[in-house]
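All of the numbers you see were taken from the coordinates with simple rules; none came from a lab. Small disclaimer: the values here were computed from a predicted structure and weren't measured. Note that we place each Cβ from the backbone using ideal geometry, even for glycine, and neighbour counts take in every protein chain shown.
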Ligand code: SAH
Ligand code: SF4
């Protein structure tokens, strides 16, 4: 089994209790995992036999050290160099003697995705087209905001779901990204902004240390449905949150899902990151059409999963994303219906003006419709910022990401 696709059980937080209703979904979760495994990334070993250290769980690095005749504590040193210092060259690890540096370099690599293309929007948004070892590509976007900013990372190449307003949804799922490929997006962005090493003391749950950094937050809102690649995204976020490495607080990470109900419980229990849910419609007939996953997990089930999401509270609200499509889902009546649906959920609403892409079938709601909709939500006590479109000119805004990567013919994949 490859390091990047391997199972990973050591999560940093003590698991939160799972609600009894959620436990009933165990069989469904197994089916989802089995399906996800069909789209596994390639093995994280190079053709010359060297193994990728990025993405390996700590215990696995320790086992690798033992396998080359070293003491397991070397794993702690390596972890520090890789994830705290951001070093990619063994020769720079000055707490490790030269002969061992050489032996490590013979056996391992510390890689980054290749940069196939990079664009900067007039508003400062920056988009990378990253290329992995098998030539497949994804997009990652950095959205600056004063003295901070969020990196929008991708989890799959393409998507199995085909939400009608989403450009990624027009690209078939090519494959899942592996742990190294997901963590690598963040590490490469940190390289680009020169933000190594991790600030002193990391952030941990105290949430200090990231202030003033450009890469202060992560949103898992790029290409793909993260909860259909759960093993890899969970292992990747676990590495990113590790206190002795990148140490980004779970409070600074938001994962967006189109509503994979059985995996939402697991995400809350094991990772405890902020949750964003792509709702986009207030009745099943419309949501069936624009977010086809709704046929499997309808609105009532989705909202029930939100109500029991571990850790959701007034201080940590669930974000409901609502893409405003002109004349489709943006009436005042629907705004009232949304208020009714969200009753009792610690929620905030993100109204996203539809971002067009070549050949897209919708129009952005008018400013009046946006304002009217937001007013109803605000009057009901919901904070409902209208998300200013960012990076539209370089097709970097929500839902505009798509790459040329294609699924190779059977036998080659
Ligand atoms: N697959 C996940 C995360 C990626 S999409 C999900 O669907 O939640 C991130 C957000 O962008 C989602 O809320 C998605 O519905 C929204 N989105 C997709 N296409 C869009 C578009 N063209 N304009 C505005 N938002 C869009
Ligand atoms: Fe996939 Fe999310 Fe786009 Fe829907 S909105 S097609 S789930 S990436």
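Tabulated values for the structure
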{"read-out": "Degrees, to the nearest 10: 230-241 long Cα axis against longest axis of the chain", "value": "70"}
{"read-out": "log10 of Debye I(q)/I(0), alpha-carbon scatterers only, for the chain at 0.09, 0.10, 0.13 Å⁻¹", "value": "-0.54, -0.67, -1.14"}
{"read-out": "Helix 26-37 vs. the chain, principal-axis angle (Cα, 0 to 90°, nearest 10)", "value": "60"}
{"read-out": "Label-reachable residues, the range 289-332, where backbone N falls under 13 Å from a point 7 Å from residue 21's Cα toward its Cβ", "value": "298-310"}
{"read-out": "Span from the the range 341-386 Cα centroid across to the the range 228-242 one, whole angstrom", "value": "30"}
{"read-out": "Average Cα contact separation per residue, the range 63-187, under 8 Å, 6 or more apart, as relative contact order %", "value": "14"}
{"read-out": "Structure-based [θ]222 nm, the chain - -39500 (n - 2.57) summed over DSSP H runs of at least 4, per residue, nearest 500", "value": "-8000 deg cm²/dmol"}
{"read-out": "Cα gyration tensor shape of the range 178-318, rounded if a/c is under 1.5, else prolate or oblate by comparing a/b with b/c", "value": "prolate"}
{"read-out": "Residue order, fewest to most surrounding Cβ atoms within 10 angstrom, among 215, 275", "value": "215, 275"}
{"read-out": "In degrees, nearest ten, helix 367-379 long axis to first principal axis of the chain (Cα)", "value": "90"}
{"read-out": "Length-normalised contact order for the chain - Cα pairs under 8 Å, 6+ apart - percent", "value": "17"}
{"read-out": "Most to least packed among 293-302, 153-162 [average Cβ atoms within 10 Å]", "value": "153-162, 293-302"}
{"read-out": "The range 27-71: C-alpha pair distances exceeding 15 Å, %", "value": "61"}
{"read-out": "For a label point 7 Å along the Cα-to-beta-carbon line of residue 345, residues of the range 274-313 with backbone N under 13 Å", "value": "275-284, 298-310, 312-313"}
{"read-out": "Nitroxide proxy distance, nm - points 7 Å out along Cα→Cβ at residue 91 and residue 360", "value": "4.7"}
{"read-out": "Paramagnetic label zone (point 7 Å from Cα along Cα-to-C-beta, residue 170; backbone N under 19 Å) in the range 348-366", "value": "353-365"}
{"read-out": "Ascending count of other beta-carbon atoms within 10 Å, so fewest first, for 146, 243", "value": "146, 243"}
